[in-house]
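Comments concern the structure below.
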Amino acid sequence: MSTHPLAKQLRHYLQFTDLTAEEYAHVFKRAAFIKAKFKNYEKFQPLTDRTLAMIFEKASTRTRVSFEAGMYQLGGSVVHLTTGDSQLGRAEPIEDSARVISRMVDLVMIRTYGQDKIEKFAAHSRVPVINGLTNEFHPCQILADIFTFIEHRGSIQGKTVAWVGDGNNMANTWLQAADLLGFKVNLSTPSGYEVDPAVVGVRTPASTQFFNDPMQACEGADLVTTDVWTSMGYEAENDERKKAFADWCVDEDMMKVAKPDALFMHCLPAHRGEEVSAEVIDGPQSVVWDEAENRMHAQKALMEFLLLGKV
Ligand code: CP
Ligand code: NVA
């Protein structure tokens, strides 16, 4: 395969570790700037004539709307593909799809199953590829979550995040973020649903602490967060998981042992009465609606960074 001239400066966003701490500081600043423009109804279109292809192999509400609306607001346009309505569902090799799609668009966002699939696509793409969720990682969500934390509480450095629930794509990405940006994650998962910091490349093991009891994980935390008990792709385990996770519901008792000004986040969609009680997600410490909206602002900053660099 010949190397495209753009390949040298090509940056993908496949895992949280694909940007440096310094680049995150830049992206968070740009996200605030871009959000202010949006709130003031000021046009901001640095990506005029650029096209984003979005490939969904799993369902989505937030990721689709935030990328699609975000790209239009930046002056660009969007192509939406799913497995069902493209050749992706008819076994065209990923490498070929990547070569073809990336000759026609400027940026690709993919939501799929295995991380290996998105890595393979990126390896054969001429344009930046963004991870819109894989079984292993959800970096765009943590980007928005940290931006939301900063908006409400300032820098996340030195703070403690309590993760209660499944050791899934969100948990893995929190671990990478804590390691890179210098905060701590207290993790409590039921037995059999743990994460492995080494597998996700954590270099400072002290950034992660494990607790059998979710209450202990929440003690003194600045942010308490959770996610569904059954992620997309694991539906066959639903009944088994409901039993295993019964004690991992974030409720008011858990929020009481966190810091008095602790925030609650959930990437959504949520199931009230399972991973979180209605009192918590609809209560005063919850910032889940800001968190969802910030997907769009943070991803607009990310797309600007990947296509235009540090402006
Ligand atoms: N949080 C999130 O990624 O939501 P969607 O599945 O609706 O995109
Ligand atoms: N962990 C969840 C997140 C959904 C946005 C999943 O992968 O289904």
* Structure fact -> Per residue convex hull volume, Cα only, the stretch 236-311, in Å³ is 140
* To do: Could you sort 193-199, 162-168 so that the peptide with the highest average Cβ count within 10 Å comes first and the rest follow in order?
  => 162-168, 193-199
* Dimensions in Å of the stretch 151-233 - Rg and Dmax from alpha carbons -> 12.0, 35
* To do: Please give every one of the lysines within straight-line cross-link reach of Lys184, meaning a C-alpha to C-alpha distance under 24 Å, and leave out same-chain neighbours fewer than 8 residues apart.
  => Lys29, Lys159, Lys256, Lys259
* Please determine, in degrees from 0 to 90 and to the nearest 10, the orientation of helix 169-181 with respect to the longest principal axis defined by the Cα atoms of the chain, where the helix direction is its Cα long axis. => 90
* For the chain, what % of the accessible area comes from carbon and sulfur atoms, probe 1.4 Å? -> 51
* Asked: Could you list log10 I(q)/I(0) for the stretch 229-275 at q = 0.18, 0.21, 0.26, 0.33 Å⁻¹, which the Debye formula gives when each Cα is one point scatterer?
  -> -0.65, -0.81, -1.05, -1.27
* To do: Give the accessible surface of the stretch 28-68 per residue, rounded to a whole number of Å², with probe radius 1.4 Å and ligands, DNA and RNA excluded.
  => 55
* Asked: Using alpha carbons only, how many degrees (0 to 90, rounded to 10) separate the axis of helix 94-104 from the longest principal axis of the chain?
  -> 60
* Ellipsoid equivalent to the stretch 98-141 - semi-axes via the Cα gyration tensor, in Å -> 18, 11, 7
* Square roots of 5 times each gyration tensor eigenvalue, C-alpha, the stretch 181-228, largest first, Å -> 17, 15, 10
* **Viscosity 1.567 mPa s, temperature 4 °C, Stokes-Einstein D of the stretch 119-198 from Kirkwood C-alpha radius, µm²/s** => 94
* Asked: Which translational diffusion coefficient, to the nearest whole µm²/s, is obtained for the stretch 36-120 from the Stokes-Einstein equation, given a Kirkwood hydrodynamic radius over C-alpha pairs, 10 °C and 1.306 mPa s?
  -> 114
* Asked: Could the peptides 63-73, 200-210, 140-150, 272-282 be put in order, highest first, of the mean number of other beta-carbon atoms found within 10 Å of their residues?
  -> 140-150, 63-73, 272-282, 200-210
* Report, ordered by chain and residue number, the lysines lying within cross-link reach of Lys58, taken as a straight Cα distance under 17 Å and ignoring same-chain residues fewer than 8 apart. => Lys117
* Asked: Among 97-104, 34-41, what's the highest-first ranking by average C-beta atoms within 10 angstrom per residue?
  -> 97-104, 34-41
* Descending principal axes extents, the stretch 148-303, alpha-carbon based, whole Å -> 39, 35, 34
* Viscosity 0.692 mPa s, temperature 37 °C, Stokes-Einstein D of the stretch 83-234 from Kirkwood C-alpha radius, µm²/s -> 195
* **Candidate lysines - alpha carbon under 19 Å from Lys243, same-chain residues fewer than 8 apart omitted** => none
* Asked: Helix 288-308 versus the longest principal axis of the chain: what is the Cα-based angle in degrees, 0 to 90, to the nearest 10?
  -> 30
* For the chain, what is the largest minus smallest coordinate of the Cα atoms on each principal axis, given in angstrom and ordered from greatest to least? -> 55, 44, 34
* **Å² of accessible area per residue within the stretch 134-214, as computed with a 1.4 Å probe and no ligands counted** => 34
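The values are calculated or read from the model by the stated rules, or taken from the named source; none is laboratory data. Just so we're clear, the structure is a prediction, and the values are computed from it rather than from any experiment. Positions of Cβ are generated from backbone atoms using ideal geometry, with glycine treated the same way; all protein chains shown enter the neighbour counts. Keep in mind that these areas ignore ligands, DNA and RNA; they rest on the heavy atoms of the full protein, side chains included. Shrake-Rupley method; radii C 1.70, N 1.55, O 1.52, S 1.80 Å.
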